[in-house]
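The values are calculated or read from the model by the stated rules, or taken from the named source; none is laboratory data. Model, not experiment: these values are computed from the prediction. Positions of Cβ are backbone-derived with ideal geometry, glycine not excepted, and every protein chain shown enters the neighbour counts. SASA here: full protein model, heavy atoms, side chains in, ligands and nucleic acids out. Shrake-Rupley method; radii C 1.70, N 1.55, O 1.52, S 1.80 Å.
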Amino acid sequence: MTGVVIRARGLTKVYDRGTKQELCALDAVDFEIRKGEIFGLIGADGAGKSTCFKILAGVLEPTAGEVEVLFRSPRESRQRVGYVTQPFSLYEDLSVAENLRYAAGLREVDEEAFAERSRRYLEAFDMKAFTDRLAGRLSGGMKQKLALSCALIADPAVLLLDEPTTGVDPVSRRDFWDALGGLADRGMTIVVATPYLDEAERCTRIACMENGKILAQYPPAEFVSRMALTRLEIRTCDLQRAEEMLERHERDGILADVQRFGDRLDVLVSDPVADRDRILEALEAEELKPEVLRSGDPTLENAFVATLRSKRGPESHAHFPDRATAPAERCGELALGTKGLVKRFGSFTAVKGLDLEIRHGEIYGLLGANGAGKTTAIKMICGLVQPSSGEISLLGRTKGFRTAAVRSRIGYKSQKFTLYDDLTIGENLDFYAAMYDVPPKLCRARKDWALEVSGLRGEEGMLTGRLPDGWKQRVAFGAAVMHQPDIVFLDEPTSGVDALARRAMWRMINELADNGAAVLVVTHYLEEAEQCNRIGFMAAGDMVAEGSPSELEKHMPGVLLEVRAANVAASLGAFRQALGRDRVTQFGERLHVQAPDVGAGEREIQAIAEAQSLELRSIEPIPFSLEDVFLALIERRRAASDKAA
Amino acid sequence: MTRFLRRYWALTRKELHQLRRAPKLVFQLTIPPTLLLVMWGYALNPEVKNLRTAVMDADRTPASREILAMLTELEAFQVKANYLSTTDLEKAFEDRSIDVGILVPPGFARDLQAGRPAELQVIIDGVVANSAAVAGGYLLRAVADHNEKLLRRRLPVTLEAGLPRLGRSEIRAIAMFNPGMVFSWFYVTAIMGVVLFVDGSLVASAIAVREKEVGTIEQLLMSPAQSLEILLAKTTPVLSLLVLGLMVSTYTAHLVFGLPLRGSFGLYLLAGVVAGFAAMGLGILLATYSSNQQQAQLLTFFINPFVMLCSGAFARIENMPRIFQWASMIDPLRYLVEIIRGLTVKGADLELLWRPMGALTLLTIALYGLSVWRFRRQLN
């Protein structure tokens, strides 16, 4: 391989040193990044990723340790480093071309090089038609591609990307990552932070960070293979009971991990045959009618959870302090429904006749790209926005439900932050408890519960503003459900939260549903959607598809094959040329190829490989992810509307 | 009801916690109004001293010398010249070498002796209107004092004040309640009303739009709390500070400018509270049309000058163009200033003030009600 471009040894950064607010953001971090690598930094908000980027970009001096970028100090190399931060990288009131020219001017790019590069990147990123459009009018994904182009205009050798796709929808994210893959193949070194695990899989190497330390750094596949475990997807007739039973086994050490998803359990075992039989036997003895859907490698998320757990110890399983009496009886009753719900803003129709039915005990995921109408829909149901037409029923009422009494039975966590930064954590929790009329004698226990599940026990006197965003999300969630609501609305509940904390949050969401609450989760985070019992996909104001995660996978035509090749860049080019761009996606060292069926796909791939004399290491069928399904649905819809037009 | 109280208390406590962590705001609401008031009171009313004065005694009698001596003894008048002809006096005015001329006409002593009103002419340069008015006030009082003395000897004097650009009746009207200190009281009472109103609307728009800016508004609207509860809780702590500020500045005005509170203190407090609600209602209403602090502040800054202008706080409403006079009818600040002046300077009671008090209350209910109505609809 080629040489090391970025090297950090004992890198340490302490903020507010010697004061009461001293904070160690980076704690003796070591890493080496080679030319042409995509190096991913994965971790929760506050793990130290942004500090690391600022040091590499030369805008922040480390407290201790050595750091070298392109064989010099970061400050000296900064003309050859491109840096994209999540906010503020663009001037929204300048056009695409003006933004590019401004970036080029700052970096002293000469006229000829500017003309050549701006043409090249605008073409590569499919933005040629939009050069005169104001940056503020671009979609989220386009904005990020423009920010990337601005960073690339000076032809940097190193690219630093701090959460470049947060808040960008899956279609645009995939586009963006395709662009990154192409740049890395041409020898650019990329360091990227991301909260999305599907993006992490597309990195050459990833470092898992927590509390300013790197816990582990390997290629994604190695993260998984080092676990030496097998993942079983099991379906039973009563997930809650099965989960409780298997958790006991987990504590006895018979199986490594059990996690509940929308309509299945994921179980990690060390022996794929013997353990599998033992689990099935135990479940059958309880008459839970187990059925193994699939067995295979653990996911990257499993690997992160295991990594975090090994450092942090087992997480708390705090149950809700006082369960409502006989709540499960309500399960199955209709909690909320809409019929023909429409919202128009001027001539633009944000929601086009939405029909929705969510029952008590159900977790429903509303998915879609930015601007698909999800948030407008949820706001109409909550009464924050007046619908243009259509019917809403809430807790059995179709009228007169905008009252304090009904609102006190609803829990709501909006997309933005819902806590007051200038109150302490304890004051925030007290406030919501009183607002929602939590009986005073239960307040203390519920507050302790909320602090426990946020992992902030003993910190209630801390000002909320000092918490990283991801931690705020956890407290806000606790605050939103402290009053045991019958209906819970969660808008992007886990953004900025690490894998382990996300799991803890979903455990609570499941507990709420088991206690009879109806939960509506709005997200464009597709891994999260797998946790839902039912999912609805929205696109351009319409419901495109609805069903359980496994039902939705059936929407996918054909199969997905994972190909490992000796020369990834060459193979990607060859496959894309032969099969079409949208059938091939790069995931780090692997390629995903869509095919009508396994046999035909393998033959097709072998034929291309032979013709181009590419060396293939393996071809394996793998399950489609929900993201694949989502993208296919969008594509199909686009084709249909093109045909209609 | 208990639920309402519990939520109201939770909301108020939240606002108090937030206020406690923003000591700047507390400071801003109580200290600057008082400072502003003292500054305006002084800046617009430097105690009139050392006016360049010329005297012309055409009577040349003991009586004329007595009154001239009495008048020029006042600190306000410094005798610069003693003329023998009116031409010289006129010339001195034209050269702007003097500000005040005091002329005792021939026959002054004779008229006094005969028991007829004796005339005294005073000419004041009206270019410095404020000083002129104050000087005129001083003279009136001095002559009145002198009259009293003479009355005991049955010899009254009339002052004929020749004030270019300032009618004499005007001075007399104000002077009835406020001899000598007309303008400091006029401005001080104006400032007290204006500060209460402007501060109230600015702070209210800032704290109301903050919820929208950080995104807590949705959470708040989704909670069982009613808009009225939310807004009452937002209003309470700030309103208390505003009224406290009003009391502090009233007392300061009393100490520094001798402004009396001749009317009922209870009524004064009530007017402050009601006007505070109107101001905050306006601020919240403007906040519901803004999406961030900047917009809210700009909008409030845009509206407030109109409110001030039409209120008659700084200029007499009767002198305004008709359209402003009409606009002032729906200006809550107009009634607040009217009530403040009524209760302080004039010593009026509810019988005299029920009209402005009623108008202020109606406008407050309208403004505050509108803001409550808008608050839940602002996300639409």
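What pairs can you find where one residue is in region B:290-313 and assigned by TED's automatic domain parsing to the domain that holds B:S328, the other is among the acidic types (D, E) and crowded, with 20+ Cβ neighbours inside 10 Å, and their Cβ atoms are less than 7 Å apart, with a gap of 6+ or different chains?
So the pair list comes out as B:V307/B:D331; B:C310/B:D331; B:S311/B:D331.
Among the residues of region A:550-601, which ones are in contact with a Lys or Arg (Cβ under 8 Å, 6 or more places away or on another chain) and among the acidic types (D, E)?
A:E562, A:E589, listed by residue number.
Please go through region B:60-90 and give me each residue that is in a strand (DSSP E or B) and within 35 Å of the chain's Cα centre (by Cα), ordered by number. Let's see the steps before the verdict.
So the first thing to find is which residues in region B:60-90 are in a strand (DSSP E or B), and the list is B:77-82.
Of everything in region B:60-90, those that are in a strand (DSSP E or B) and within 35 Å of the chain's Cα centre (by Cα) turn out to be B:F77, B:Q78, B:V79, B:K80.
Any idea which of A:G48, A:G40 is within 23 Å of A:R202 (Cβ to Cβ), in contact with a helix residue (DSSP H, G or I) (Cβ under 8 Å, 6 or more places away or on another chain), buried (at least 21 other Cβ atoms within 10 Å of the Cβ) and touching a residue at least 60 places away in the same chain (Cβ under 8 Å)?
Values: A:G48 fails: in contact with a helix residue (DSSP H, G or I) (Cβ under 8 Å, 6 or more places away or on another chain).
None of the others qualify; the one that does is A:G40.
Within region A:442-451, is even one residue at pLDDT 90 or above, under 18 Å from B:R20 (Cα atoms) and part of a helix (DSSP H, G or I)?
No, every residue in region A:442-451 fails to be at pLDDT 90 or above, under 18 Å from B:R20 (Cα atoms) and part of a helix (DSSP H, G or I).
Any idea which of (1) of a type in the set (A, V, I, L, M); (2) part of a helix (DSSP H, G or I); (3) touching a residue at least 24 places away in the same chain (Cβ under 8 Å); (4) more than 14 Å from chain A (Cβ to nearest Cβ) is the one B:A43 doesn't satisfy?
(3)
Please verify whether B:I330 is open to solvent by 10 Å² or more (accessible area, probe 1.4 Å), free of Cβ contacts under 8 Å to residues at least 60 places away in the same chain and not basic (K, R), treating the condition exactly as stated.
Working: open to solvent by 10 Å² or more (accessible area, probe 1.4 Å): yes; free of Cβ contacts under 8 Å to residues at least 60 places away in the same chain: yes; not basic (K, R): yes.
Here the answer is yes, as B:I330 does meet what is asked.
Scan region B:192-222 for residues that are within 7 Å of another protein chain (Cβ to nearest Cβ) and touching a residue at least 40 places away in the same chain (Cβ under 8 Å) and jot them down. Steps first, please.
As a first pass, look at region B:192-222 and keep what is within 7 Å of another protein chain (Cβ to nearest Cβ): B:214-216, B:218-219, B:221-222.
Within region B:192-222, B:E218, B:L221 meet the criteria.
May I ask you to list the residues in region B:248-266 that are more than 15 Å from the chain's Cα centre (by Cα) and either basic (K, R) or surrounded by 15 or more Cβ atoms within 10 Å (Cβ to Cβ) (or both)? Walk me through it before giving the result.
The first filter runs over region B:248-266 and keeps only residues more than 15 Å from the chain's Cα centre (by Cα), leaving B:248, B:255, B:262-266.
Matches in region B:248-266: B:V248, B:R262, B:G263, B:S264.
When you scan region A:323-417 for strands (runs of 3 or more DSSP E) that lie fully inside it, which ones turn up with 2 or more residues that are more than 14 Å from every other protein chain (Cβ to nearest Cβ), open to solvent by 50 Å² or more (accessible area, probe 1.4 Å) and not acidic (D, E)? Even if it seems obvious, please write down each step before you answer.
On the way: elements: A:334-345, A:348-359, A:363-368, A:389-394, A:410-413.
Because the criterion is at least 2 residues that are more than 14 Å from every other protein chain (Cβ to nearest Cβ), open to solvent by 50 Å² or more (accessible area, probe 1.4 Å) and not acidic (D, E), the strands (runs of 3 or more DSSP E) in region A:323-417 that meet it are A:334-345, A:348-359.
Take B:V38 and tell me if it is under 29 Å from B:G193 (Cβ atoms), at pLDDT below 85 and buried (at least 17 other Cβ atoms within 10 Å of the Cβ). So that I can check it myself, show each step before the final result.
On the way: under 29 Å from B:G193 (Cβ atoms): yes; at pLDDT below 85: yes; buried (at least 17 other Cβ atoms within 10 Å of the Cβ): yes.
The answer is yes for B:V38.
Taking only region A:268-290 into account, find how many residues are closer than 28 Å to A:Y525 by Cβ and open to solvent by 80 Å² or more (accessible area, probe 1.4 Å).
Taking region A:268-290 and keeping what is closer than 28 Å to A:Y525 by Cβ, we get A:268-269.
This time we only want the ones that are open to solvent by 80 Å² or more (accessible area, probe 1.4 Å), so: none.
So the count comes out to 0.
If a residue counts only when it is within 14 Å of chain A (Cβ to nearest Cβ), which helices (runs of 4 or more DSSP H) contained entirely in region B:280-380 have at least 1 such residues? Please lay out each step first, then the result.
Numbers: elements: B:293-311, B:322-328, B:332-341, B:350-377.
So the answer is B:350-377.
Could you say which residue among B:R13, B:R60 is within 14 Å of chain A (Cβ to nearest Cβ) and free of Cβ contacts under 8 Å to residues at least 12 places away in the same chain?
On the way: B:R60 fails: within 14 Å of chain A (Cβ to nearest Cβ).
Of B:R13, B:R60, the one residue that is within 14 Å of chain A (Cβ to nearest Cβ) and free of Cβ contacts under 8 Å to residues at least 12 places away in the same chain is B:R13.
Can you work out which of the residues in region A:418-435 that are farther than 30 Å from A:M380 by Cβ and among the charged types (D, E, K, R) is farthest from the other protein chains (Cβ to nearest Cβ)? Steps first, please.
Our first condition is that a residue be farther than 30 Å from A:M380 by Cβ; within region A:418-435, this holds for A:422, A:424-427, A:430.
This time we only want the ones that are among the charged types (D, E, K, R), so: A:422, A:427, A:430.
On the way: A:D422: 5, A:E427: 5, A:D430: 7 Å.
For region A:418-435, the residue satisfying everything is A:D430.
Kindly provide the set of residues from region A:452-472 that are within 14 Å of chain B (Cβ to nearest Cβ), crowded, with 18+ Cβ neighbours inside 10 Å and in a helix (DSSP H, G or I), ordered by number.
A:T464, A:K472
Of the residues A:V519, A:V438, A:V481, A:V475, which is within 14 Å of chain B (Cβ to nearest Cβ), modelled with pLDDT of 85 or more and touching a strand residue (DSSP E or B) at 6+ places or on another chain (Cβ under 6 Å)? Walk me through it before giving the result.
On the way: A:V519 fails: within 14 Å of chain B (Cβ to nearest Cβ); A:V438 fails: touching a strand residue (DSSP E or B) at 6+ places or on another chain (Cβ under 6 Å); A:V475 fails: touching a strand residue (DSSP E or B) at 6+ places or on another chain (Cβ under 6 Å).
Just a single option satisfies the conditions, and that option is A:V481.
Run down A:A179, A:A97 and say which single residue is among the small types (G, A, S), over 22 Å from A:G371 (Cα atoms), open to solvent by less than 30 Å² (accessible area, probe 1.4 Å) and assigned to a helix (DSSP H, G or I). Break it down into steps so the answer makes sense when it comes.
Numbers: A:A97 fails: open to solvent by less than 30 Å² (accessible area, probe 1.4 Å).
Just a single option satisfies the conditions, and that option is A:A179.
Out of curiosity, is A:E562 more than 30 Å from A:E222 (Cβ to Cβ), charged (D, E, K, R) and under 26 Å from the mean Cα position of the chain (by Cα)? Lay out the reasoning, then the answer.
On the way: more than 30 Å from A:E222 (Cβ to Cβ): no; charged (D, E, K, R): yes; under 26 Å from the mean Cα position of the chain (by Cα): yes.
Spelling it out, it is not the case that A:E562 is more than 30 Å from A:E222 (Cβ to Cβ), charged (D, E, K, R) and under 26 Å from the mean Cα position of the chain (by Cα).
Within region B:229-243, is even one residue assigned to a helix (DSSP H, G or I), in contact with a Lys or Arg (Cβ under 6 Å, 6 or more places away or on another chain) and either free of Cβ contacts under 8 Å to residues at least 40 places away in the same chain or within 11 Å of another protein chain (Cβ to nearest Cβ) (or both)?
Restricting attention to region B:229-243, the residues satisfying the condition of being assigned to a helix (DSSP H, G or I) are B:229-243.
Add one more test, that the residue is in contact with a Lys or Arg (Cβ under 6 Å, 6 or more places away or on another chain), and what stays is B:229.
Then drop every residue that is not either free of Cβ contacts under 8 Å to residues at least 40 places away in the same chain or within 11 Å of another protein chain (Cβ to nearest Cβ) (or both), which leaves B:229.
Checked region B:229-243: at least one residue is assigned to a helix (DSSP H, G or I), in contact with a Lys or Arg (Cβ under 6 Å, 6 or more places away or on another chain) and either free of Cβ contacts under 8 Å to residues at least 40 places away in the same chain or within 11 Å of another protein chain (Cβ to nearest Cβ) (or both).
Tell me yes or no: at least one residue of region B:103-115 is modelled with pLDDT under 75 and either in contact with a Pro (Cβ under 7 Å, 6 or more places away or on another chain) or within 14 Å of chain A (Cβ to nearest Cβ) (or both). Steps first, answer last, please.
Kept after step one, since they are modelled with pLDDT under 75, are these residues of region B:103-115: B:115.
Filter once more, keeping what is either in contact with a Pro (Cβ under 7 Å, 6 or more places away or on another chain) or within 14 Å of chain A (Cβ to nearest Cβ) (or both): none.
Scanning region B:103-115, I find no residue that is modelled with pLDDT under 75 and either in contact with a Pro (Cβ under 7 Å, 6 or more places away or on another chain) or within 14 Å of chain A (Cβ to nearest Cβ) (or both), so the answer is no.
Can you name every residue in region B:204-217 that is open to solvent by 10 Å² or more (accessible area, probe 1.4 Å) and touching a helix residue (DSSP H, G or I) at 6+ places or on another chain (Cβ under 8 Å)? Spell out the reasoning first.
From region B:204-217, those open to solvent by 10 Å² or more (accessible area, probe 1.4 Å) are B:206-207, B:210, B:212-214; that's our starting set.
Across region B:204-217, the qualifying residues are B:A206, B:I207, B:R210, B:K212, B:E213.
Being under 15 Å from A:A151 (Cβ atoms), free of Cβ contacts under 8 Å to residues at least 24 places away in the same chain and in contact with a helix residue (DSSP H, G or I) (Cβ under 8 Å, 6 or more places away or on another chain): is that true of A:G105 here? Show your work before the answer.
Numbers: under 15 Å from A:A151 (Cβ atoms): yes; free of Cβ contacts under 8 Å to residues at least 24 places away in the same chain: yes; in contact with a helix residue (DSSP H, G or I) (Cβ under 8 Å, 6 or more places away or on another chain): no.
Judged against the criteria, A:G105 is not a match.
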